Amino acid sequence: MDETQAAWFVHSTVNDNMAGAARVHLAERGVDPSQLTMFALGGAAPVHAEAVARAVGLTKVLIPPAPGVGSAAGLLLAPLAFDLSRSVPRRLEYLRWEELAEIYDDLERRAIDFVVGAGAEPDLVTITRSVDMQVEGQVHEIEVPFPGRIDDGTRERIAAAFDESYRSRFRHPPLARPLRVVTWRVRATAAIAPDVGPRDTPLEHTRDDAPHDRAVYFQQSNAFVSTRVLHRSALRAGLIDSGPLVIEEEASTTIVSPSAQLTVLDDLSLLLELHELNNGRSGDGDD
């Protein structure tokens with residue numbers, strides 16, 4: 001291989017690995033990928049998103065503003081939360097409700113103490129209960145929302161909640177075997193208004209960010225193609241353009257192949273709509 005072939009081999013291998021994981025995820029949930037839009041979040045995601053979307057069977061990719069700092073923004077915007085759990089594995093039919101009430105009371109008290117200690121107002125704390133369950137003989141558990149109060153009808157409500165969660169995840173009913181509860185869980189959450197928000201003004205567009213052309217290799221063309229390079233800070237809502245394009249920003253780069261169309265949405269997200277490739281290949285849309 002020459003340098004270009006080697007670079008493309010590495011790039012396409014990464015694409016194939018991500019696409020394979022996405023296919024498994026979709027198949028386990030019985031979801032039709034053609035009805036979905038890929039949300040490309042992360043510094044490297046917009047480089048690979050189009051090729052991965054094509055390989056999986058999607059036709060749209062959405063890239064939010066500043067995708068390279070999505071995890072940091074999520075950390076700042078997410079509510080305070082703390083999870084506690086206790087494992088008490090046994091068949092559902094052998095549960096003692098007095099013991100279960102004691103477990104949840106203890107978990108909830110400790111979880112509330114934690115979020116209040118982190119700065120939350122006690123009156124704003126929300127408690128969510130769940131339980132990890134399985135059909136007897138199943139290797140993995142699934143997390144099931146705990147259905148309401150603890151009383152003589154709890155066993156039936158837990159069994160019904162497990163059946164609903166199992167069908168939702170696997171698209172078929174569980175085997176007719178005894179149910180086992182494994183772990184009881186509590187999550188305490190409390191929203192605290194963060195001192196962060198969107199920029200009041202767009203990023204400055206400098207001379208160094210001026211549009212220019214660069215030779216970019218695209219597999220579908222099997223050649224370097226003269227490609228416009230734009231800085232994302234210069235893009236405005238309503239822009240519609242066709243690839244090939246490279247859109248650069250501080251923490252990421254978006255690739256728009258010759259077989260894709262770019263639309264800048266009102267919130268400055270980038271929408272890529274993918275067209276069929278002339279060579280009939282579905283996974284080679286990126287540079």
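The values are calculated or read from the model by the stated rules, or taken from the named source; none is laboratory data. Please read these numbers as outputs of a predicted model, since none were measured by experiment. Cβ placement follows ideal geometry from the backbone for every residue including glycine, while neighbour counts extend to all protein chains displayed. When the accessible area is computed, the model is the full protein with side chains, heavy atoms only, and any ligands, DNA or RNA have been set aside. Shrake-Rupley method; radii C 1.70, N 1.55, O 1.52, S 1.80 Å.
Given the alternatives (1) 1.28; (2) 1.09; (3) 1.01, Rg/Rh (Cα atoms, Kirkwood Rh) as computed for this entry is given by (2). Accessible surface for Met18 stands near 80 Å², nearest 10, in the context of the full protein assembly shown (1.4 Å probe). Highest average first, the peptides 264-272, 20-28 ordered by how many other beta carbon atoms sit within 10 Å of their residues are 264-272, 20-28.
Taking square-rooted eigenvalues a ≥ b ≥ c of the alpha carbon gyration tensor, is the stretch 27-146 rounded, prolate or oblate, where a/c under 1.5 means rounded and, failing that, a/b exceeding b/c means prolate?
Because a/c hits 1.5 or more and a/b fails to exceed b/c, the stretch 27-146 counts as oblate.
Solvent-accessible surface of the chain, taken per residue with a 1.4 Å probe and all protein chains present: 57 Å².
Placing His275, His11 in order of accessible area, with the largest value first and a 1.4 Å probe, yields His275, His11. Considering only the other residues whose Cβ falls under 15 Å of the Cβ of Pro147, what net charge follows from Lys and Arg at +1 and Asp and Glu at -1? Once all neighbours under 15 Å are counted, the net charge is -2. The helix-only estimate of mean residue ellipticity at 222 nm for the chain, built from DSSP H runs of length n ≥ 4 each weighted as -39500 (n - 2.57), is -10000 deg cm²/dmol after division by the residue total.
The order of the peptides 2-9, 43-50 by mean Cβ neighbours within 10 Å, most packed first, is 43-50, 2-9.
Protection proxy ranking for 67-77, 167-177, using the average of other Cβ atoms within 10 Å per residue and placing the highest first: 67-77, 167-177.
Other residues whose C-beta falls under 14 angstrom from the C-beta of Ala111 contribute a net charge of +1, scoring Lys and Arg +1 and Asp and Glu -1. Accessible area ranking (1.4 Å probe, heavy atoms, ligands and nucleic acids excluded), largest first, for Phe146, Phe82: Phe82, Phe146.
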